[in-house]
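Chemist: Structure in structure tokens, see below.
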Amino acid sequence: MVKRANRKSSSAPLSRGVGSVRIIAGRWRGRKLTVHDAQGLRPTTDRVKETVFNWLAPYLPGARCLDIFAGSGGLGFEALSRGASWVHFCEKHPAAAKQLRANLDQLGAQNAHIDRGDALALLATAPKDGPYDIIFVDPPFHQGLLDDTLAALDANHWLAPNACVYVEVESHLTTWQVPEHWHCHREKRAGQVNYRLYFTESDD
């Protein structure tokens, strides 16, 4: 996954260059998707992405996924490639959101929706089409958005029973607030990021 203008600085201007993100497994294995080279974007390495999706492999087939700070959509596209039934992308930066649409069209993927807006504004209300099985949370570094994002996901019914929540943050951030019924299943550190996978318990 390539990081996101929404994640780093939603007002940062786009540079002239373009980059790419590679899908590493599934039906679109090896496909490269164009990514605008916006200031503050940082790519997640294939190594990290492969680890994360190895963790998620048992839960992906047929899953409904939310990529809440989508940017390039690297995590969401990887999920679709590996068998997710639906991905909801949320991206604030207009050019990045436009590129998401172009990449979905390039892949011929119709089982996805792009929300062009602020992530916390979206999460402030309940989802219109039901909860999600897997949520990717990778907010902009150094903007203090993580705790509010996790709290809103839990409070406003975005999580299906026994959902998986993937969290990626800057490496110096080692503690943050999660609801009591979330349990850390796996965690690792690689370079400038810490990343964890949480399982949530059903209220039933």
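Since every read-out is calculated from the coordinates, none of them should be taken as a lab result. Since the model is a prediction, treat every value here as computed from it, not as a measurement. When we count neighbours, we look across all protein chains shown, and the Cβ atoms used for this are built from the backbone with ideal geometry, even at glycine.
Chemist: So what is the 222 nm mean residue ellipticity for the chain from helices alone, if each DSSP H run of at least 4 adds -39500 (n - 2.57) and you divide by all residues, rounding to the nearest 500 deg cm²/dmol?
Modeler: After summing the helix terms and dividing by residue count, I get -7000 deg cm²/dmol.
Chemist: Can you say what percent of the DSSP beta bridges in the range 5-200, counting only those with both residues inside, are antiparallel? Round to 5.
Modeler: 55 percent
Chemist: Would you work out the relative contact order for the chain, in percent, from Cα pairs under 8 angstrom that are 6 or more residues apart?
Modeler: Relative CO of the chain lands at 18 percent.
Chemist: Here is a further query. Where Lys and Arg each count +1 and Asp and Glu each count -1, what net charge lies around residue 31 among other residues with Cβ under 15 Å from its Cβ?
Modeler: Local net charge: +3.
Chemist: For the chain, modelled as a GNM with alpha-carbon contacts under 10 angstrom, which of 132, 166, 59 fluctuates the most?
Modeler: 59
Chemist: Continuing with the same structure: Which residue fluctuates most in the GNM of the chain (Cα springs below 10 Å): 79, 151, 63?
Modeler: With Cα springs under 10 Å in the chain, the top fluctuation among 79, 151, 63 is at 151.
Chemist: Would any residue of the range 167-199 have its amide N under 17 Å from a label point 7 Å out along Cα→Cβ of residue 156? List them or say none.
Modeler: Counting only backbone N, you get 179.
Chemist: If you don't mind, there's one more thing I want to ask. What's the tally of Lys pairs in the chain whose alpha-carbon atoms lie under 13 angstrom apart, where the two lysines are 8 or more places apart or on different chains?
Modeler: So the count of such lysine pairs works out to 4.
Chemist: Within 10 Å, Cβ to Cβ, of residue 116, how many net charges do the neighbouring residues add up to if Lys/Arg are +1 and Asp/Glu are -1?
Modeler: Once positives and negatives cancel, what remains is 0.
Chemist: Say we join alpha carbon atoms closer than 10 Å with springs in a Gaussian network model of the chain; which of 142, 185, 172 then has the biggest fluctuation?
Modeler: 172
Chemist: What whole-number distance in Å separates the alpha-carbon centres of the range 167-204 and the range 116-162?
Modeler: 14 Å
Chemist: Using modelled backbone amide H atoms (1.01 Å from N, in-plane), which distant-in-sequence or interchain residues come within less than 5 Å of residue 24's amide H?
Modeler: 30
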